[in-house]
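K.L.:
Below: one structure in structure tokens.
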Amino acid sequence: MNNIPQLPLVKWVDVAVSYLRSNARWIFDPISDFLDAFVNIISDGLMILPPLVFIALMVIITVILTKKIWGLPVFVLLGLSLIWNLDFWEGTMLTLALILSSSMIAIVIGIPVGIWMAKNRTVEGIVKPILDFMQTMPAFVYLIPAVSFFGIGMVPGIIASVIFAMPPVVRLTNLGIREVSTELIEASDAFGATGWQKLYKVQLPLAKNTIMQGVNQTIMLALSMVVIASMIGAEGLGTEVYRAIGRNQAGQGFASGIAIVILAIILDRLIQVLNKKKYSI
Amino acid sequence: MNKIEVRELTKIFGKNPKQGIKLLKEGQSKDAILEKTGMTVGVNRVSFDVKEGEVFVIMGLSGSGKSTLVRLINRLIEPSHGSILVDGEDLSKMDKKALIETRRKKMSMVFQNFGLFPHRTIIENTGFGLEVQGAEKAEVETQSKRALKMVGLKGYEDQYPKQLSGGMQQRVGLARALANDPDILLMDEAFSALDPLIRKDMQDELLDLQQTMKKTILFITHDLDEALKIGDRIALMKDGVIVQIGTPEEIMIKPSDEYVEKFVEDVDRSKVFTAAHVMIRPETIQIEKHGPRVALQRMKQAGISSVYVTKNNHELYGIVTAEVAAQAVENGVKDLEAIVIKDVPTVSMETTLNDLFAVIYDSPIPVAVTEGKFLKGIIVRGAVLAALAGNEVNLGE
């Protein structure tokens, strides 16, 4: 091994990053501006309502969706009240804004990529290893270039969350479409459906449940990035946790952790309700 | 008139179909090609014609290539070689757009496991073909309702497929195929997934519908009884090749090789053969010129106990038995009219042996076979039993 010179991988990446940093501003700046505006609109929108009104609204929505009074609506009421009581309201809204914007971006990119993968073997062959890479590369590692390109704050947090959270929705969209039985595909072909008609009328509706599972997982993964994103200045509940770690405050850390858990449970259950089947397969 | 003409249609699954076709043309067998190149011959240079309004059955065991063949015809599977002419237009050379147009307007398909869309209601399933054509909503609805009514599913419009039984689901499959009023129906093992009683009902219903629809139907099955029942003509497939094409009778009576012979061995012959196959030429007298004496004379000569009476050249009139004729002669009755029994059991030429049994069993006299008013032949018990046991049948028309 000693005779073989070391591969200058480290140097290559460094050179590439610094080159992009100084020469690709024209790409990164507009993206950065857009994301910044996007997440601001969402967080401002969330914080426009007083906490009490927000909680009441969420409870009403939950009642309508679940068609139940007990169970989830009660949990929403108590959970959000606890967050408010513990004085995590602003942090929670910022975190929610981060999760919503990054998962929306992940879904808007992820579903079409998943569809493309399902329709084209070559694309599947190329995208699959990229997804593996995105999921297994430790999240901290791509925080570094994200900061180089986008500075610190919410934007690199969103970028990192999108990269980390996108693979499930892509994979499950691909899977959902491929799972549609051959006979149904043959049926739509035999009656003269075009490729788009087949996609809209048959494949997507039948893959919907699987795709929604992917959406759910994507949102959960985005949530799990909250604390990591706070290391590069993305504000929210993650910041509280991160600060508690730095100051060795077990109580504060636990309390903000609880707030994240409450948020996660509410998001997860609401998405599952939305994903109820109308017909059985 | 030929609606579909299939020539040299071939499907080779594998990396280099061209090479496979070359080998096939050199006369290499399916097994040899598999061994040499690793490619599977699905359908091997199949040619046949389907006439307009005909029910053409392709029959074969699993792996014989019949399901591949039907998918080659609407190009759900791309042919490796050969042509498919529908109304003189070659489907195999069509571009994507023309192919979609042909699938929309000319042919539709019924699937073995129904192929219904679980997320669509019955009426939405039925209207799928019209919907993708871009037909008006109202038009889609009227046509779908009409098709559902045809198959006896009125009132189920807003249910989902899983709420219906298997038989009903396949009716929806049939309604969907009929909704856009295509000339050709491709039915791939359409009734194979149904249980036997429902299957029989569906076969009868298809035949009833066909009486009025007069579609050109290509029906795939592995069940010979089904093939014999609904097919105007049958093609038998084995290892991707058609081994024999013929009417049900021809297949039964003149199997082209051992394979077909083995196949037809176990068939319920009573469902295949008809009165026309077992009738014999009747001994007759004419009401206008003959009397009881001639009747008795005829019976004596032929050694039979009754004789059929006709008028106006072969119109069925009645029957005279030996006992009555003898008595009439003794009593000096001259007029045949007085002793003719007019109420005789009759069947048509197409009556199957199966249905003949009941009539013959109850009747002391031979049963008359008629076509319209005319007496075509008579049936005696012995001939029916012989037909069931062996090969003693008429091969006229």
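K.L.:
Going through the range B:1-55 one residue at a time, which ones are part of a loop (DSSP other than H, G, I, E, B) and either open to solvent by less than 20 Å² (accessible area, probe 1.4 Å) or touching a helix residue (DSSP H, G or I) at 6+ places or on another chain (Cβ under 6 Å) (or both)?
P.N.:
If the condition is that a residue be part of a loop (DSSP other than H, G, I, E, B) and either open to solvent by less than 20 Å² (accessible area, probe 1.4 Å) or touching a helix residue (DSSP H, G or I) at 6+ places or on another chain (Cβ under 6 Å) (or both), then B:Met39, B:Glu54 are the ones that fit.
K.L.:
How many residues are touching a strand residue (DSSP E or B) at 6+ places or on another chain (Cβ under 8 Å) and charged (D, E, K, R) if we restrict to the range B:315-342?
P.N.:
2
K.L.:
Oh, and also: Would you list the helices (runs of 4 or more DSSP H) that sit entirely within the range B:250-326 and hold 2 or more residues that are closer than 27 Å to B:Ser348 by Cβ?
P.N.:
Where helices (runs of 4 or more DSSP H) fall fully within the range B:250-326 and carry at least 2 residues being closer than 27 Å to B:Ser348 by Cβ, they are B:275-278, B:292-302.
K.L.:
Being modelled with pLDDT under 90, open to solvent by 30 Å² or more (accessible area, probe 1.4 Å) and either more than 8 Å from every other protein chain (Cβ to nearest Cβ) or in a loop (DSSP other than H, G, I, E, B) (or both) narrows it down to one residue among B:Ala135, B:Ala98; which is it?
P.N.:
Working: B:Ala98 fails: modelled with pLDDT under 90.
From the options B:Ala135, B:Ala98, the qualifying one is B:Ala135.
K.L.:
Go through the range B:138-159 and give me each residue that's away from chain A (no Cβ under 13 Å) and of a type in the set (Val, Ile, Thr).
P.N.:
Listed by number, the residues that qualify are B:Thr142, B:Val151.
K.L.:
Show me the helices (runs of 4 or more DSSP H) entirely contained within the range A:159-261 in which 2 or more residues are within 16 Å of the chain's Cα centre (by Cα) and outside the structural domain of A:Leu143 (by TED's automatic domain parsing).
P.N.:
No helices (runs of 4 or more DSSP H) qualify here.
K.L.:
Then there's this: Given A:Val53, A:Val39, A:Val15, which one is part of a helix (DSSP H, G or I), open to solvent by less than 90 Å² (accessible area, probe 1.4 Å), over 30 Å from A:Ile83 (Cα atoms) and out of contact with any strand residue (DSSP E or B) (no Cβ under 8 Å at 6 or more places or on another chain)?
P.N.:
That would be A:Val15, the only listed residue that is part of a helix (DSSP H, G or I), open to solvent by less than 90 Å² (accessible area, probe 1.4 Å), over 30 Å from A:Ile83 (Cα atoms) and out of contact with any strand residue (DSSP E or B) (no Cβ under 8 Å at 6 or more places or on another chain).
K.L.:
Still on this model: Before we move on, is B:Val329 of a type outside the set (D, E, K, R), open to solvent by less than 70 Å² (accessible area, probe 1.4 Å) and part of a loop (DSSP other than H, G, I, E, B)?
P.N.:
Numbers: of a type outside the set (D, E, K, R): yes; open to solvent by less than 70 Å² (accessible area, probe 1.4 Å): yes; part of a loop (DSSP other than H, G, I, E, B): no.
Considered against the rule, which asks whether it is of a type outside the set (D, E, K, R), open to solvent by less than 70 Å² (accessible area, probe 1.4 Å) and part of a loop (DSSP other than H, G, I, E, B), B:Val329 comes out as no.
K.L.:
Does B:Gln163 satisfy the criteria of being crowded, with 19+ Cβ neighbours inside 10 Å and either under 23 Å from A:Leu206 (Cα atoms) or more than 10 Å from chain A (Cβ to nearest Cβ) (or both)?
P.N.:
Numbers: crowded, with 19+ Cβ neighbours inside 10 Å: no; either under 23 Å from A:Leu206 (Cα atoms) or more than 10 Å from chain A (Cβ to nearest Cβ) (or both): yes.
Against the criterion (crowded, with 19+ Cβ neighbours inside 10 Å and either under 23 Å from A:Leu206 (Cα atoms) or more than 10 Å from chain A (Cβ to nearest Cβ) (or both)), B:Gln163 does not qualify.
K.L.:
Among the residues of the range A:25-36 satisfying the criterion of being closer than 18 Å to A:Pro145 by Cβ and without any contact (Cβ under 8 Å) to a residue 12 or more places away in the chain, which is surrounded by the fewest Cβ atoms within 10 Å (Cβ to Cβ)?
P.N.:
A:Trp26
K.L.:
Can you tell which of A:Leu274, A:Leu221, A:Leu267, A:Leu199 is touching a residue at least 40 places away in the same chain (Cβ under 8 Å) and open to solvent by 50 Å² or more (accessible area, probe 1.4 Å)?
P.N.:
After applying the criteria, what remains is A:Leu274.
K.L.:
Six or more apart or on different chains, Cβ under 8 Å: which pairs go from a residue in the range B:54-76 that's within 11 Å of chain A (Cβ to nearest Cβ) to one that's open to solvent by 20 Å² or more (accessible area, probe 1.4 Å) and of a type in the set (Val, Ile, Thr)? Could you list them?
P.N.:
Hits for this filter: B:Arg71/B:Ile77.
K.L.:
Checking the conditions here, which among A:Thr62, A:Thr92 is in the same structural domain as A:Ile262 (by TED's automatic domain parsing) and either within 21 Å of A:Arg269 (Cα to Cα) or surrounded by 20 or more Cβ atoms within 10 Å (Cβ to Cβ) (or both)? Spell out how you get there, then give the answer.
P.N.:
On the way: A:Thr62 fails: in the same structural domain as A:Ile262 (by TED's automatic domain parsing).
Of the residues listed, the single one that is in the same structural domain as A:Ile262 (by TED's automatic domain parsing) and either within 21 Å of A:Arg269 (Cα to Cα) or surrounded by 20 or more Cβ atoms within 10 Å (Cβ to Cβ) (or both) is A:Thr92.
K.L.:
Taking the range B:147-158 only, how many residues are part of a helix (DSSP H, G or I), open to solvent by 60 Å² or more (accessible area, probe 1.4 Å) and touching a residue at least 12 places away in the same chain (Cβ under 8 Å)?
P.N.:
The total comes to 1.
K.L.:
Still on this structure, I have one more. So, B:Ser62, is that one part of a strand (DSSP E or B) and surrounded by fewer than 22 Cβ atoms within 10 Å (Cβ to Cβ) or not?
P.N.:
For B:Ser62, the condition - part of a strand (DSSP E or B) and surrounded by fewer than 22 Cβ atoms within 10 Å (Cβ to Cβ) - is not met.
K.L.:
While we're on this one: Please specify each residue of the range B:101-132 satisfying the condition of being of a type in the set (S, T, N, Q) and within 10 Å of chain A (Cβ to nearest Cβ).
P.N.:
Filtering the range B:101-132 down to residues of a type in the set (S, T, N, Q) leaves B:102, B:108, B:112-113, B:121, B:125-126.
B:Thr102, B:Ser108, B:Gln112, B:Asn113, B:Thr121, B:Asn125, listed by residue number.
K.L.:
Okay, moving on. Of all residues in the range A:173-232 being facing chain B (nearest Cβ under 9 Å) and among the acidic types (Asp, Glu), which is nearest to A:Leu267 (Cα to Cα)?
P.N.:
So, considering only residues that are facing chain B (nearest Cβ under 9 Å) and among the acidic types (Asp, Glu), the one nearest to A:Leu267 (Cα to Cα) is A:Glu183.
K.L.:
What number of residues within the range A:230-256 are surrounded by 15 or more Cβ atoms within 10 Å (Cβ to Cβ), without any contact (Cβ under 8 Å) to a residue 24 or more places away in the chain and among the small types (Gly, Ala, Ser)?
P.N.:
Looking only at that region, the number is 2.
K.L.:
Quick one: which residue in B:Asp181, B:Asp90 is open to solvent by 10 Å² or more (accessible area, probe 1.4 Å) and either in contact (Cβ under 8 Å) with a residue 12 or more places away in the chain or within 13 Å of chain A (Cβ to nearest Cβ) (or both)?
P.N.:
Testing whether each residue is open to solvent by 10 Å² or more (accessible area, probe 1.4 Å) and either in contact (Cβ under 8 Å) with a residue 12 or more places away in the chain or within 13 Å of chain A (Cβ to nearest Cβ) (or both) leaves just B:Asp181.
The values are calculated or read from the model by the stated rules, or taken from the named source; none is laboratory data. Note that the coordinates shown come from a computational prediction; the quantities given were computed from them, not determined experimentally. Methodologically, a virtual Cβ is constructed for each residue, glycine included, from the backbone with ideal geometry; neighbour enumeration extends over all protein chains shown. When the accessible area is computed, the model is the full protein with side chains, heavy atoms only, and any ligands, DNA or RNA have been set aside. Shrake-Rupley method; radii C 1.70, N 1.55, O 1.52, S 1.80 Å.
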